Amino acid sequence: MSDDPTQAPRSRGVYWLPNLLTTAALFSGFYAVVAAIDGKFENAGVAVFIAMVFDALDGRVARWTHTESAFGKEYDSLSDMVSFGLAPAVVTYQWGVARIAEYGPLWRRLGWLVCFFYAVAAALRLARFNSRMATQDRNYFEGLPSPSAAAVVAAFVWLESGQLDIGLPGLIVAFLVTAVAAGLMISRFAFNSFKQVKIGARVRFTHILLVPLLFMLVALHPPSMLLLIFGCYALSAPSVWVYRKFFRRPRGVAHP
């Protein structure tokens, strides 16, 4: 203990509001696992997106209320591993592996490995993010963020949850989507973080109209629209890389 009477004692508590939101995100991820085990795959998909909402709020609330802490960052990372790492992997396993096993033990093993690969990729993505947080460009993410990867997987399962039999081709596509989402998480592609967008900044009136339009489109058919939105985001960085690699002309090169 310090002998300086002017030094304020170090608080042993934690900030309840941001950590309460993190707990809500953790609960949503846990419920997604339970719902998948019970065969309620639509509920499981919705729960992953609810976890995303709480995950987006906890950090912002902590910054707005000046209640950021090392404990909160660690707790948030563990919550993300459950909600966006284990939950999508278990949901995909419960939904797809039992179906694809009907086509032979080899397909079952491949499905099992894809689900495990997704969980490992999410853990590696979160560990890399935490270790490079101090030096990383805030405007970009290295690799697909785990919430976005979870959104792609959850939206696909949610979309197909009402189908009684999608056949082997549909199951192969499902596991390919899961594997690609996992691979993008541990890739070196630079994904826009949109942190450069300031909420209090002045924008054009037409830009404001895009917000209700986006909500209207999602409301028409949530799983398909959410899959489209997050699928486009997941493919944005690889598409930019391909364009720059093969189609953009180097500067100084004259046209033929």
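Structure summary
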| quantity | calculated |
| --- | --- |
| Options Leu126, Leu144; residue that is buried (at least 19 other Cβ atoms within 10 Å of the Cβ) and in contact with a strand residue (DSSP E or B) (Cβ under 7 Å, 6 or more places away or on another chain) | Leu144 |
| Residue match in segment 115-130 (condition: in contact with a helix residue (DSSP H, G or I) (Cβ under 8 Å, 6 or more places away or on another chain), of a type in the set (Lys, Arg) and without any contact (Cβ under 8 Å) to a residue 24 or more places away in the chain) | no |
| Residues (within 16 Å of Tyr93 (Cα to Cα) and not in a helix (DSSP H, G or I)) located in segment 134-162 | Ser161 |
| Of residues in segment 53-111 being under 30 Å from Ile172 (Cβ atoms), among the small types (Gly, Ala, Ser) and exposed (fewer than 14 other Cβ atoms within 10 Å of the Cβ), the one modelled with the lowest pLDDT | Ala98 |
| Meets criteria (crowded, with 19+ Cβ neighbours inside 10 Å and modelled with pLDDT of 90 or more) for Val34 | no |
| Residue within segment 212-219 that is surrounded by 14 or more Cβ atoms within 10 Å (Cβ to Cβ), over 28 Å from Val114 (Cα atoms) and at pLDDT 75 or above present | yes |
| Test result for Arg138, within 14 Å of Asn192 (Cα to Cα) and of a type in the set (Lys, Arg) | yes |
| Elements of type helices (runs of 4 or more DSSP H) contained in segment 23-98, each with 2 or more residues being free of Cβ contacts under 8 Å to residues at least 24 places away in the same chain | 41-64, 70-81 |
| Test for Glu142: is it among the charged types (D, E, K, R), modelled with pLDDT of 90 or more and farther than 15 Å from Met81 by Cα | yes |
| Qualifying residue in segment 175-188 (condition: at pLDDT below 90 and not acidic (Asp, Glu)) | no |
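The values are calculated or read from the model by the stated rules, or taken from the named source; none is laboratory data. None of these values were measured; they are calculated from a predicted model. Here the Cβ is made from the backbone with ideal geometry for all residues, glycine too, and neighbour counts use every protein chain on show.
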